[in-house]
Amino acid sequence: MSTSRTERVVSSMVLLLFALQALVPVLYIVVLALSSEKIGDASWGHLDNFATAWEQGHFSQYMTNSVLIAVLVVCLALVLSLMSGYVLGSLRPRGADLIFYVFLIGIMVPSEAIVLPLFFDMRALGLTDTIWAVALPQTAQSLAFGTFWIRAFFRGVDPAILEAARIDGATDARILVSILLPIGRPAIVTQVVLTFMWTWNDFLIPLVMSPSGRMRTAPLGLAFFQGQYTQGTTLLAAGAVLVALPVVLLYLVLQKQFISGMTDGAVKG
């Protein structure tokens with residue numbers, strides 16, 4: 001059914017309004033970050049605000065921690081999700097549906113409900129204030145979604161392709177690496193972007209799992225920067241831009257594959 005020109009215009013206007021609603025606060029923060037710190041100074045374009053915020057907020061340490069944690073979580077969650085998604089989505093052994101429902105519990109249970117028991121477990125193991133205390137709980141949470149996501153994509157692959165590979169003598173590992181991974185590239189990229197974003201922006205687990213602040217991440221550093229190092233909104237906005245920049249850059253680089261994976265997942269899910 002073709003849509004009329006009026007319907008297309010109305011749809012475009014609605015989408016434009018939603019886009020402006022999302023972009024205006026972001027643009028305001030960027031403009032504020034480039035403004036002058038001095039009261040009454042209306043000049044603009046102060047790139048030195050980012051250097052000042054970086055130095056005063058000790059963001060070099062926090063950014064390093066965030067990158068290490070995010071990369072570790074993304075890699076672990078992706079590898080484990082591919083294996084579990086392949087087993088539950090393609091091999092489908094007996095009891096696969098029950099196991100899948102167990103994974104779904106990980107999506108439904110919020111971090112707030114389990115963070116304190118996890119802290120005592122990590123402390124008993126001597127892992128608090130280490131990268132593992134922050135990365136392992138986030139990996140477990142990302143694994144629940146990753147299994148759901150990859151399983152849904154693999155279930156949409158034509159079984160005839162997999163059967164033909166088995167007839168040719170391909171092992172399960174070879175099928176996963178040589179056939180399913182190239183086909184599932186958009187879904188994999190989507191999971192990578194989402195996992196990186198969730199891990200990077202997580203506030204609660206790094207706060208609880210690192211009482212001394214040794215593994216403090218960028219969002220935590222931004223919160224402490226607001227309270228300890230500055231009361232001005234200009235440097236705070238500059239710090240917020242620095243913290244958000246890695247996620248934005250990752251999305252811009254992978255946006256084509258990300259959008260393709262989201263649309264494929266919406267259809268196959």
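The values are calculated or read from the model by the stated rules, or taken from the named source; none is laboratory data. Source: prediction; values computed, not measured. Note that each Cβ is placed from the backbone with ideal geometry, even for glycine, and that neighbours are counted across all protein chains shown. The area values use the complete protein model at the heavy-atom level, side chains included, leaving out ligands, DNA and RNA. Shrake-Rupley method; radii C 1.70, N 1.55, O 1.52, S 1.80 Å.
Just to be sure before I move on: is L15 open to solvent by less than 70 Å² (accessible area, probe 1.4 Å) and either touching a residue at least 60 places away in the same chain (Cβ under 8 Å) or more than 23 Å from the chain's Cα centre (by Cα) (or both) in the structure I sent? Give the steps one after another, and end with the answer.
Values: open to solvent by less than 70 Å² (accessible area, probe 1.4 Å): no; either touching a residue at least 60 places away in the same chain (Cβ under 8 Å) or more than 23 Å from the chain's Cα centre (by Cα) (or both): yes.
No.
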Return yes or no: is V241 in contact with a Phe, Trp or Tyr (Cβ under 8 Å, 6 or more places away or on another chain), in a helix (DSSP H, G or I) and under 20 Å from V73 (Cβ atoms)? no
Please state which one of T217, T171, T130, T139 is among the hydroxyl-bearing types (S, T, Y), within 27 Å of Y101 (Cβ to Cβ) and either out of contact with any strand residue (DSSP E or B) (no Cβ under 9 Å at 6 or more places or on another chain) or at pLDDT below 90 (or both). T139
Give me a count of the residues in region 124-172 that are within 23 Å of the chain's Cα centre (by Cα) and among the small types (G, A, S). 7
Evaluate region 182-196: report whether one residue or more is more than 30 Å from R151 (Cβ to Cβ) and either modelled with pLDDT under 85 or surrounded by fewer than 17 Cβ atoms within 10 Å (Cβ to Cβ) (or both). no
In region 145-165, what residues are over 13 Å from Y86 (Cα atoms) and either open to solvent by less than 40 Å² (accessible area, probe 1.4 Å) or in contact (Cβ under 8 Å) with a residue 60 or more places away in the chain (or both)? F145, A165
Criterion (of a type in the set (S, T, Y), closer than 30 Å to D172 by Cβ and either surrounded by 11 or more Cβ atoms within 10 Å (Cβ to Cβ) or at pLDDT 90 or above (or both)) met by exactly one of Y28, Y86: Y86
Failed item in (1) open to solvent by 20 Å² or more (accessible area, probe 1.4 Å); (2) in contact with a Phe, Trp or Tyr (Cβ under 7 Å, 6 or more places away or on another chain); (3) of a type outside the set (D, E, K, R), with S142 passing the rest: (1)
Scanning for something assigned to a helix (DSSP H, G or I) and touching a Pro at 6+ places or on another chain (Cβ under 8 Å), does region 80-89 turn up at least one residue? yes
Kindly indicate whether any position in region 180-199 is part of a helix (DSSP H, G or I), out of contact with any Pro (no Cβ under 8 Å at 6 or more places or on another chain), over 22 Å from L254 (Cα atoms) and among the hydrophobic types (A, V, I, L, M, F, W, C). no
Of the residues in region 31-40 that are modelled with pLDDT under 85 and open to solvent by 60 Å² or more (accessible area, probe 1.4 Å), the one that is nearest to L235 (Cα to Cα) is E37
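Residue-by-condition table, conditions (1) in contact with a helix residue (DSSP H, G or I) (Cβ under 9 Å, 6 or more places away or on another chain); (2) more than 14 Å from M209 (Cα to Cα); (3) β-branched (V, I, T):
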| position | (1), (2), (3) |
| --- | --- |
| R94 | no, yes, no |
| L98 | no, yes, no |
| F103 | yes, yes, no |
| I107 | yes, yes, yes |
| I114 | yes, no, yes |
| F120 | no, no, no |
| L127 | yes, no, no |
| L136 | yes, no, no |
| I161 | yes, yes, yes |
Filter region 43-53 for residues that are open to solvent by less than 100 Å² (accessible area, probe 1.4 Å) and either among the hydrophobic types (A, V, I, L, M, F, W, C) or at negative phi (or both); which is farthest from the chain's Cα centre (by Cα)? S43
